[in-house]
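Every number here is computed from the coordinates shown, using simple stated rules; none is lab data. Predicted model, so just to flag it, every value in this text is computed and none were measured. Note that each Cβ is placed from the backbone with ideal geometry, even for glycine, and that neighbours are counted across all protein chains shown.
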Amino acid sequence: MEHFDKQAQNWDDDNMKVDRANTFAKEILNIIQPNKSMNALEFGCGTGLLSYQLKDDFNTITLIDTSEEMIKVLNEKIINNNIKNFNPIHINLLNDELDKKDFDVIYTLMTLHHINDLNKILSIFQSLLKTNGYLCIADLVKEDGSFHSNTPDFDGHNGFDRKELSSILANNGFKVLNYNISFEIEKKDDDSIKKYPLFLMICKRIY
């Protein structure tokens, strides 16, 4: 988590990250159309850019991250913006249990590809969600491994293939309702610019 701890203070200065959060927030709202009685969980919240765009659409939002520095920046934003319905928690969900259960929606942006054991995390999501609750995954389309070329200790997934991820989700009690390419990240690669598409997959917990 050292990589993210170091970036926390300047995370929100990146206009691309702000635009990305705005784009996915609008899509999530458009597709699941939450009501204000619903409770949501953001997995891998960082500084809360995505949840900030959704704060007026849910009753409560629990925001969790393994980076202590990200949570510190988030707590400052909560105080500065007088946000009443955020509950930030510094936790590794793969190792530690979350007290609160029965969420209506879980969403995650650019975090799932960092998790090696997909079956374990999806099983945890399934246990935290109400039946018929929504899981919204925004992440990288499968790529050639160059996306994290500047992160030498990265050992996650090089994005996801739609069919492969859908199959893993089905084995963990989820039905895919919607899939679309929603955003594109551009990175300079020597003298050229490489583009990495991001998808939004929205699923429902069916058992």
Let me see the P(r) profile for the range 93-141: every Cα-Cα distance counted, bins of 10 Å, each bin given as a percent of all pairs. 24, 57, 18, 0
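Can you give the helix-only mean residue ellipticity at 222 nm for the chain, where every DSSP H stretch with n ≥ 4 adds -39500 (n - 2.57) and the sum goes over all residues, rounded to the nearest 500 deg cm²/dmol?
My calculation for the chain gives -9500 deg cm²/dmol from helical runs alone.
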With the cut-off at 1.5 for a/c, could you classify the range 68-112 from its C-alpha gyration tensor as rounded, prolate or oblate? prolate
Work out from phi, with θ = phi - 60° and the Karplus expression 6.51 cos²θ - 1.76 cosθ + 1.60, the ³J(HN,Hα) of each residue of the range 36-49, listed in order in whole Hz, and give x for Gly and Pro. 6, 8, 7, 10, 10, 10, 9, 9, x, 6, x, 8, x, 4
Regarding the range 9-128, what are the three Cα extents along the principal axes, ordered largest first, in Å? 34, 31, 24
Dividing the Cα convex hull volume of the range 13-67 by residue count, how many Å³ per residue is that? 71 Å³
Anisotropy class of the range 73-194 from Cα gyration tensor, a/c 1.5 cut: oblate
Ordering of 110-120, 79-89, 51-61 by packing [mean C-beta count within 10 Å, highest first]: 51-61, 110-120, 79-89
A correct Kirkwood calculation over the Cα atoms of the range 133-207 returns a hydrodynamic radius in Å of 13.6 Å
With eigenvalues of the C-alpha gyration tensor scaled by 5 and rooted, the chain, Å: 24, 22, 17
Based on the Cβ-Cβ distance of residue 144 and residue 19, what FRET efficiency does E = 1/(1 + (r/R0)^6) give at R0 = 35 Å, to the nearest 0.05? 0.90
